[in-house]
Every structure is written in C-alpha cells, then in structure tokens.
Amino acid sequence: MRILFFTHAGTNSRDILLDMATGFERAGHDVLRWELEPMTRVYQAGGAARSPVIQSMTSMLADFIKNNGVDLSVGMWANALGSLAHGRKDGHLCSFFDMIESPHLMYWLDAPHWACGGELGELFNSPVIQGSFVRNVVNNEGIAREMTEVLGFSSAIGHRYGINEQVFRPYDQFEPEYDLVFGSGPGDGKPSPVMLKELQSDEPDVDAIRRDRAETTRPKLDEHAKSFGPDANAMTALFRALLERRLTQTGVPLLTDLAALSKAGHDHAAGVLQKNPKGFVRTGALLRSMDAWRRAFTITHLSQRMNCAIFGSASLDHWPCEAKMLGDLSYADMPKAYARGKIGLNAMRWQDDIGLNLKPYEITASGACLLCDRRVGFDDVFEHGVEAAGFTSPGQALSLANELLQDDRSRTDMAQAGLARTRRDHTWQAIANNLVDYAIEPAARVHASAA
C-alpha cells in the first residue's frame, strides 16, 4: 500500500512522525513524504493573493495523490487538514480529503482539546472534520469518545503509541550513574502549602492534596457555570456533582461520569454541556486540574530521597526538587539519558483520564526498568511486576523504586522483559497495519458501493 506522510516543521513531534513513517515502511508499505513547511512559506508570501495560491497548491497536491496512486495519507494533528483548501461535494462544504475521496489519518500526539495551544477549537463540529474520509487516532478511548460525541469528529479511536526500536534502544556502554531518570516537559504549576507539607512524608496523603485542589477548583467551576446563561444554576449543580465524583475515584472518563449523573437527575445540564464543545473542554480541564500536580510532585518526592536526574524542558523552579537537571536533550539523545539511570520514571500530568503517554515505550525500548503511573490502560500493555512496575501514588512509587534498587537481579529481569514486550508489541511496525486498516475503511466502503 502506498502511504503519503505529511511531515511538519518541529522538533520531537516531527521526529516521532518520521519514526512512525519508518515503521510503516518496515511493515511493508511504500512510504512517500510531503513537506508542509514549504507550502506554508508560499502561502505567507502570497499576500493578497493567498487564497488563489492555496487553491493552486491544493490542486497540485490532488494531482500528486492521484498520479502516484496514494492509498492513504497520514499527518500529525490537523497540520495537513489546515494547510489545504477545502471544497464542496454535493453542495456541502467538506475537507480536501473527502472532496477527492482519499483517506487521511490524523494522528493526535496531543488531544485536539489543547493541541496547537488550543487554537483548533474552531474546527469543532465543522464540516471539515465530519466527513467519512478523515479518521483520527489518539492515545486513549476516553478522549476518542469526547472527539466523536462532543467535538464533532466523524470517527476517532484510542490506540497505544509506538516507537522506533532503532532510535530507542539500549546503550550498554553507559554505566548507570543515577537511581532514576525522568523525562519531563513544561506546564507544571506551583506547589501548594499542602503539597509542600506532604512532600515531607514518605507516604504523602494523596486524598488531602486532592481535597485541597478541589477547594481551589470549585469556585472556578462556579464561575465557569455562569457562562451558560439561563442554565447557570443547573450547570453549577452538575459541576459540583462531577467534582464530588472525581474526589471519590480517579481513572474514570469524563463522559462516563457525565452519563451517570445524567441518570441521577442532571440530564438537562449534561445535555447542554455535551452540545457546547468549548464549554465541555473547559470543564474537563478544570476537573482534571485536581490531579495536575502528580507529575511534579512525584519526581520532587523521589528526588529528595534518591539520586535522580531530569531531562527535557521541565519547569520545576518553584518546587524543592533536588534532581540533577540534564537539560533539554535532542530526540536521539533521550535513550542515552535513560541508559544513565537504573530506573526510568513515567509520571503523568493527567491532562486526560485514562491511557498512557509515549514515555513508557521509550523507556522500555531504551532498556531501562520502567516505573510507571498505573493508570487505566497500563495493564493492557505491560504485565505489572514482570515487565514494568506500576504505582498509584507517590508513596507507592517510592516503595517500588526502593525495592527495585535493592534487588539488581529483579530490576534487570524486569528491564529485559519490558524491552522484549515493547520490541514485540509496541513498535510502529507492529501497530502499522492496525492503523492502516482503520484509516482505509471509508475507501473500502466507497469502492464496494461503486461495484
């Protein structure tokens, strides 16, 4: 099958997409690449003639896809969709890909809710994402449901990430010099007084921190409810009920909580919320902020008790973190950083409710022993205690890390088992055909109908 990858400017996200393309090629597909950045430069230089320029470039791309027998195209986020002129089919506005009936897969490294700094909100419920030829993949079913049931995407699935095993691989020439290595990004808020107090304990009171966060979140939800005008009182009641449910449990998709409360007397407010994509996204962000502290807290807690290192664009200046900062490393140097630790940590910022990010696969592929946030989805991809160690609290993370550090044989065995599992199941090559089958389904239906 011939697959066209729309590559974009960038750093890590570009490298990840190129790794994905390599995996598809190893799976037996004929891979082509189309750089989006030169098109963007031409648009920007077009000035007042920008619209005709976009139309011309889009027409050229349509000819390229047709003349080269492209069966499927793939792009990260909505980069390709947003770079092309859309058209009309049967009198209705549609995406470029629906217009030429060519399947396109949008791979969401970040959910549409906050991708590109939240600028993609204008796409929600628009005709260009509602056609049958544009398909979407994100890392978990919770967000996939929100995309189709609230944001207006025609189709989305949750699917685990993959890695390029030639990039993320063991570097045996590095001797571990740290107990634990963690790759982190920006976005962590400041610690509260309650968090600073709990950092002093080997068994931090997670419930106390979450209750404190709820008290901070409640007035923000009340203010948010006012934006719903005549439904403000009903929305206030719904938001407070959602907050209480979230206090008693974690790892439940927002739409699951919403459905439960709809049956418990909040049906009108739940319906209003689901018909307001931007309001829904804001609600989810506020509710999830109750757990946004976990990433920074966990690494800070561990750094105060063992020899830790952090790489990436972490913003922990306000935290009493004692880890060695290795800097913002290049994509190719990340596995070398993991090789410098006995354990690789993955702690998440809880921007969504379930699923894993990319780091667990990168850590295991690098040959490090994985200590991972045990969210819903963890047990589907790794066997706890054999291929990786999963924790549900900072205190448990500390306990498991100490056990692994005190038992070299068990830690080495777990690292080797995690490496084997990732090489078998979690490479881009291993998952390529699953994604292709999902993405080309619309074309198969059209061809069957035409026959």
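The values are calculated or read from the model by the stated rules, or taken from the named source; none is laboratory data. Just so we're clear, the structure is a prediction, and the values are computed from it rather than from any experiment. Neighbour counts are summed over all protein chains in view; Cβ atoms, including those assigned to glycine, are modelled from backbone coordinates with ideal geometry.
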Residue hits (the range 25-56; modelled with pLDDT under 90 and of a type in the set (D, E, K, R)) are Arg41, Arg50
Does any residue of the range 402-409 turn out to be at pLDDT 95 or above and more than 21 Å from Ser303 (Cα to Cα)?
-> yes
The range 305-329: number of residues that are part of a loop (DSSP other than H, G, I, E, B), in contact (Cβ under 8 Å) with a residue 12 or more places away in the chain and within 25 Å of the chain's Cα centre (by Cα) | 8
Candidates Ile54, Ile16 - the one that is assigned to a helix (DSSP H, G or I), within 24 Å of Met334 (Cβ to Cβ) and not aromatic (Phe, Trp, Tyr) = Ile16
Mind telling me which of the residues Tyr361, Tyr338 ends up being in the same structural domain as Gly187 (by TED's automatic domain parsing), touching a Phe, Trp or Tyr at 6+ places or on another chain (Cβ under 9 Å), among the hydroxyl-bearing types (Ser, Thr, Tyr) and farther than 23 Å from Asn140 by Cβ?
-> Tyr338
Tell me, which residue of the range 222-278 that is assigned to a helix (DSSP H, G or I) and polar (S, T, N, Q) is surrounded by the most Cβ atoms within 10 Å (Cβ to Cβ)?
-> Thr236
Across the range 336-353, what is the total count of residues that are under 20 Å from the mean Cα position of the chain (by Cα) and closer than 22 Å to Val386 by Cβ?
-> 5
Just give me the residues in the range 59-109 being in contact with a strand residue (DSSP E or B) (Cβ under 8 Å, 6 or more places away or on another chain), part of a strand (DSSP E or B) and not hydrophobic (A, V, I, L, M, F, W, C), in sequence order.
-> Ser73, Gly75, Gly87, Arg88, His104, Tyr107
Filter the range 375-397 down to residues that are touching a Pro at 6+ places or on another chain (Cβ under 9 Å), assigned to a helix (DSSP H, G or I) and in contact (Cβ under 8 Å) with a residue 40 or more places away in the chain, then give me how many there are.
-> 3
Here are Ile16, Ile3, Ile65: which of them is within 27 Å of Gln429 (Cβ to Cβ), modelled with pLDDT of 95 or more, more than 27 Å from the chain's Cα centre (by Cα) and surrounded by 14 or more Cβ atoms within 10 Å (Cβ to Cβ)?
-> Ile65
From Leu370, Leu405, Leu358, Leu345, grab the single residue that is in contact with a Leu (Cβ under 7 Å, 6 or more places away or on another chain) and aliphatic (A, V, I, L, M).
-> Leu345
Would you check which residues across the range 19-51 are within 15 Å of Trp77 (Cβ to Cβ) and outside any loop (DSSP other than H, G, I, E, B) and list them?
-> Met20, Glu37, Thr40
Condition set charged (D, E, K, R) and more than 13 Å from His159 (Cβ to Cβ), scope the range 115-145, selection farthest from the chain's Cα centre (by Cα): answer is Glu122
Confirm whether Ile363 is farther than 25 Å from Asp408 by Cα and within 17 Å of the chain's Cα centre (by Cα).
-> no
Is it fair to say Thr412 is within 25 Å of the chain's Cα centre (by Cα), at pLDDT 95 or above and hydroxyl-bearing (Ser, Thr, Tyr)?
-> no
